[in-house]
Structures are given as C-alpha cells and as structure tokens.
1. Note down the nm distance, to one decimal, between modelled labels 7 Å out along Cα→Cβ at residue 109 and at residue 77.
2. Calculate the length of the line joining the C-alpha centroid of the range 88-158 to that of the range 9-60, in whole Å.
3. Work through the residues other than residue 153 whose Cβ is under 13 Å from its Cβ and net out their charges, Lys, Arg +1 and Asp, Glu -1.
4. Taking the highest mean first, how do the peptides 111-124, 31-44 order by number of other beta carbon atoms within 10 angstrom per residue?
5. From the phi of every residue in the range 114-129, what ³J(HN,Hα) in whole Hz does the Karplus formula 6.51 cos²θ - 1.76 cosθ + 1.60 yield, where θ is phi - 60° and glycine or proline is x?
6. So who's got an amide H within less than 5 Å of the one on residue 28, skipping anything under 5 residues away but keeping other chains? H placed 1.01 Å off N, in plane.
7. With the cut-off at 18 Å, report for the range 78-164 the share of all Cα pairs above it, as a whole percent.
Amino acid sequence: DSRELFFEEMSRLRFLPEKSEAMYSALFADESNFKLRGRRSHEMLIQSLMQGTDLYSPQFDGDRANQDVIDEEDSPMSRLYQAQLLKDHGMGFRLANIMIDHHQQSKNDRYLVIAGYGHLKHRLGVPDCLTEYLREEAIRHPDQCRRAIAVDLLLSLSQLPITGSTSDRGSGSLLIG
C-alpha cells in the first residue's frame, strides 16, 4: 500500500515516529487505515476556517469535542483534515524530540514554532500532538531517565500562551516549553 510506504518513509526521515518508538502510539487513531489521531474540536476548528461555519454554533456536538476523530468517510474535508494533521504530527513529533534531547542541557529553553492559526489555536494541532507524544514517551519509553524528562516537560507545558493581538488573517502565538 502506498500509504504504508509513505509513513515508513516519513519515519525513516525522522518526520514521524517509527513503529518501534514509544511515541508511535500517539500517531494513529486508526492504524489499519492510516488515519492520523486528531481531536473532534480541532476538526471542527479546521472546518470552520475552511468552510466558514460557526465554530460555536449548536450544530457541533460539544460533548464529543475532546474525543479522537475516527472518520470513516473519505470526503474532501476529511482528506484536508488528514493533511492538516500530518503537518501537526510532524511538528509535534520533532518538537517533542528536540525538547527531550535538549532538556538536560537547559531546563529554561523556550521554543518558537511558526505555524498557521489552525495549527495552534485553542492549544489544538501542534500543542495537542506535542502533549500526546510527550505523554506516550512518559508512559512507554524503556529508559527511566527519558520518561522522567518527558514528565517534566509535560508539567512545563501548563504555562499560559503569550498574550498579544492577533490579526484577522490568523497569526497567533503560543508559548511552548
């Protein structure tokens, strides 16, 4: 299957975790169909940005907002959301590894992620992927020291975003680290 080869190549190039890594558990909602893990609230955000629907309208099911998305249909919106998730997972995975690798050198590092509105708004997208990758590392990695670093980093992610204005075009900022 070409999708399997694609994800193997992305893992080989270190854009995504390999199957043997602890972080791999955070990658897919449905591994057999190569559907990336994402939250319903994030899917709703992307849909609102792309289609102009009201994110806060009653048509969206708020009770399911934090559930993982497992979308059976192969609609254009579903494919677009999977492309969005691919970027989010790539950035979240790389950032998680950079943060873990540099944590022992300096615990006060901050990281600047330059990304679009849909990748950062409401701490969805990249921040959510980063949190999930660190969580899986903290739970599943065989090295106790690396697990402890992941836990420490997870605790540091509780800081509030940088305050400031955002333009109508969707730029924003988020403090990570």
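1. So the label points at residue 109 and residue 77 sit 3.9 nm apart.
2. 16
3. -1
4. The packing order, highest mean first, is 31-44, 111-124.
5. Residue by residue, the range 114-129 yields 9, 8, x, 3, x, 8, 10, 4, 6, 6, 9, x, 4, x, 5, 4 Hz.
6. Residues meeting the amide H criterion: 37.
7. Tail fraction, whole percent: 44.
Only the coordinates and a few stated rules stand behind these numbers; no lab work does. Since this is a predicted model, take the numbers as computed values, not measurements. Glycine gets a Cβ as well: all are built from the backbone with ideal geometry, and neighbour counts include every protein chain shown.
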